[in-house]
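See structure below.
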Amino acid sequence: MSAEDTLLYLDGVSVSFDGFRALNSLSLIIEPGEMRAIIGPNGAGKTTMMDVITGKTRPDTGTILFEGGTDLTALREAGIANLGIGRKFQRPTVFEMHTVWDNLELALKAPRRPLKTLTYSATRDDRARIEEILDITGLSPKRDRQAGSLSHGEKQWLEIGMLLAQDPKLLLVDEPVAGMTDAETEQTARLLKDIAGKHSVIVVEHDMAFVRELGVKVTVLHEGSVLAEGSLDAVSANQQVVDVYLGR
Amino acid sequence: MLTRFLLMGLDKKAGVLLAVLAVLAVAVPVMALAAPPDSPWHLSTHTVALLGKYLCFALLAVALDLVWGYVGILSLGHAAFFALGGYAMGMYLMRQIGPRGVYGHPVLPDFMVFLNWQELPWYWHGFDQFWFAALMVVAVPGVLAFAFGWFAFRSRVTGVYLSIITQALTFALMLAFFRNDMGFGGNNGLTDFKTILGFDIQAPETRVGLFVATVVALAAGYTLASCVVASKLGKVLVAVRDAESRVRFLGYETERYKLFAWTLSACMAGVAGALYVPQVGIINPSEFSAASSIEAVIWVAVGGRGTLAGAVLGAVLVNFGKSYFTAALPELWLFALGGLFVLVTLFLPKGLLGLAAQVKGRWPSGRAMAAKPAGQKGI
Ligand SMILES: Nc1ncnc2c1ncn2[C@@H]1O[C@H](COP(=O)(O)OP(=O)(O)OP(=O)(O)O)[C@@H](O)[C@H]1O
Ligand SMILES: [Mg+2]
């Protein structure tokens, strides 16, 4: 398959921190509309992979292409986000001093330049979309609360809601169910599967029940490169994967 | 659209402040010009100038609060923009003197004649026109702030390092303005002004006019800042303050936002400085001193960072205290100021406005987004 038909194309991407190789010639391909689960032990480089895709960290070597042609390594964070790549962080990060509503309004797809935001006022459509996301994420009763006062799980949901508001082509979701109850986890899986129809999604998660629930192709990362790829059952049967990750 | 923009920005606090300013704009002229000099209601020109000075500082504080309170940029060099605006006005006032100087030179200000200069330096041209000087009052601080911010924000200098380079900026300007060959009057600065727009600068009527102009400028500056922070842009600014890198991942070029607020703030500070100079009658390089900038930070902290109204309150109260102290116990003023800052930092992290809200049993809600909770970091 050629790079042109892919949504995201990583080839030979390496990143070192003070001599330590967090990513070691990582190659990965995501197709349009695909949802992919990434698993792997702590320190495998999962978050670092998201960092290089979103421009937070520059790779030392390697190619990262979006939609077949755009070189992401040449762009800064905001530019990459505006291409249509959204991200949910491992540690939920919402704007704590802002209300839930304002958090969603800030994320909502709209012109991002200062003079546009200075004169912005929410259109009827914008408000309807925010209402819709409040419903989906169950945060409707808390819309006027400061985000800082939400529980951990609610912040996770708010951040997922912000991703929805951004309406990106590719969503990078880092450990979305950490700190959630089983019921919430299940709900999140359903929500992500819902999203996956219209968008491409990369989910990093340690929770195997959740990954099974998603039922998508799995990539196992280990020491900064791909150890195995396939269905969850296939990679679970892989002896190397059992040794470095699942068996522990 | 403009009305909506204004309506959004004008909350209760703004209403109270604008009402107070409106009262001042009427009462002060009446008390200064109409009340007989022996009446207890009479205000001397000295008092009028003093009040005007407080309001200039209040405008500087609003400008500083816009970047410190709402964007998290702790500027330790805001007095530089204030002083540059002041110098631009001072140059106009010098040119107004014309041949009435001590040496009676038709064009050159006294200090240039004294230095044996033969002609006016190129950058003094145009300042005989009020409109040009007024433009420079905004443009010089604005352009400098834009250039400074462009480099600083793009190289992602933040926090303490940014504060230090703002301090370095004002320090460098102070050294430059101290030099005689810079052409700004050296350490004596610009003074002995005679007229402004043809009016005698010492006349009570002119003093009152300058006071009213200051009230109008403060009201306009406050309203503008209030509208900016209430807009979606203002929400982005607060988000940048609390979690800048997160804002970038939403697709906002945070540098542009910081640059916008920073430049706007510098322009406001310039206007404040321009109104200050004719009322105090002098501008010299000491306005660029580190202490001037740090005092402004203290006003904002005392009043309540991130509230705008607190900045006005803090500037007026602290300067009132300063006038009182420097008259009664001059040697104690610096200790009092330092002590005040320590007390506020330790016990009133949200300043007097925060305290008032606490006493009323609630925190300022909605727009009054005070300092972020301790321990919260960006990503
Ligand atoms: N900015 C950094 N500076 C130095 N080392 C880093 C940096 N970022 C990541 N690392 C190191 O790179 C390695 C990979 O980290 P990464 O966060 O990508 O792992 P992960 O797969 O997301 O792990 P986890 O499952 O614990 O979230 C770790 O050893 C980490 O300590
Ligand atoms: Mg991680």
In square angstrom, rounded to the nearest 10, how much accessible surface does A:Glu31 have for a 1.4 Å probe? 80 Å²
May I ask for the angle, rounded to the nearest 10°, between helix B:130-154 and the longest principal axis of chain B, with both axes built from Cα atoms and the value confined to 0 to 90°? 40 degrees
For chain A, set up a GNM with springs between Cα atoms under 10 Å and report which of A:Ala44, A:Ala128, A:Ala209 has the largest fluctuation. A:Ala128
Give me the accessible area of A:Arg21, 1.4 Å probe, in Å² rounded to the nearest 10. 120 Å²
For chain B, modelled as a GNM with alpha-carbon contacts under 10 angstrom, which of B:Ala49, B:Ala58, B:Ala261 fluctuates the most? B:Ala49
Can you put B:Phe151, B:Phe5 in order of accessible area, largest first, using a 1.4 Å probe? B:Phe151, B:Phe5
Assuming R0 = 51 Å, what is the FRET efficiency of A:Glu229 and B:Leu7, from their Cβ-Cβ distance, to the nearest 0.05? 0.35
Can you tell me which lysines have their Cα less than 25 Å from the Cα of B:Lys194? Leave out same-chain residues fewer than eight positions away. B:Lys53
In the structure shown, of B:Lys13/B:Lys360; A:Lys56/B:Lys232; A:Lys169/A:Lys193; B:Lys12/B:Lys322; A:Lys56/A:Lys142; A:Lys109/B:Lys13, the pairs separated by more than 20 angstrom at the C-alpha atoms are A:Lys56/B:Lys232; B:Lys12/B:Lys322; A:Lys56/A:Lys142; A:Lys109/B:Lys13
Accessible-area ranking of B:Val247, B:Val157, B:Val342, largest first, probe 1.4 Å: B:Val342, B:Val157, B:Val247
Expressed as an acute angle from 0 to 90° and rounded to the nearest 10, what is the orientation of the C-alpha long axis of helix A:124-137 relative to the principal long axis of chain A? 50 degrees
Distant-in-sequence amide H partners of A:Met35 (H built 1.01 Å from N, under 5 Å): A:Val201
Out of B:Thr45, B:Thr307, B:Thr326, any idea which swings most in a Gaussian network model of chain B, alpha carbons joined below 10 Å? B:Thr326
How much solvent-accessible surface does B:Asp200 expose, in Å² to the nearest 10, with a 1.4 Å probe and all protein chains in place? 80 Å²
Under 5 Å between amide hydrogens, which residues at least 5 positions from B:Ile196 or on another chain qualify, with H placed 1.01 Å from N in the peptide plane? B:Ile201
Round to the nearest 10 and give me the degree value, 0 to 90, for the angle of helix B:45-71's Cα axis relative to the longest principal axis of chain B. 40 degrees
The FRET efficiency for B:Val16 and A:Asp194, from their Cβ-Cβ distance with R0 = 60 Å and rounded to 0.05, is 0.80
Can you figure out the FRET efficiency of B:Ala328 with B:Ala35, using R₀ = 30 Å and their beta-carbon distance, to the nearest 0.05? 0.70
For chain B, what is the calculated [θ] at 222 nm in deg cm²/dmol (nearest 500), taking -39500 (n - 2.57) for each run of four or more DSSP H residues and dividing by its residue count? -22500 deg cm²/dmol
Beyond a 20 Å Cα-Cα separation, which of these cross-linked pairs lie in this structure: A:Lys88/A:Lys198; A:Lys155/A:Lys217; B:Lys258/B:Lys350; A:Lys46/A:Lys217? A:Lys155/A:Lys217; B:Lys258/B:Lys350
Per DSSP helix of 4 or more residues, -39500 (n - 2.57); summed, then divided by the residues of chain A. What does that give at 222 nm, rounded to the nearest 500? -10000 deg cm²/dmol
Name the chymotrypsin sites (Phe, Trp or Tyr not before Pro) in the stretch B:83-123 that are in a loop by DSSP and that have at most 13 other C-beta atoms within 10 Å, would you? B:Tyr103
Taking A:Arg127, B:Arg246 and ranking on accessible area (1.4 Å, protein atoms only), highest first, one gets A:Arg127, B:Arg246
With charges set only on the Cβ (+1 for Lys and Arg, -1 for Asp and Glu), what does the dipole of the protein assembly as shown come to about its Cα centre, in debye to the nearest 20? 1260 debye
Taking the Cβ of B:Leu340 as the centre, find all other residues whose Cβ is under 14 Å away and add up their charges (Lys, Arg: +1; Asp, Glu: -1). 0
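The values are calculated or read from the model by the stated rules, or taken from the named source; none is laboratory data. Please read these numbers as outputs of a predicted model, since none were measured by experiment. Note that we place each Cβ from the backbone using ideal geometry, even for glycine, and neighbour counts take in every protein chain shown. We work out accessible area using only protein heavy atoms, side chains counted, and drop any ligands, DNA or RNA first. Shrake-Rupley method; radii C 1.70, N 1.55, O 1.52, S 1.80 Å.
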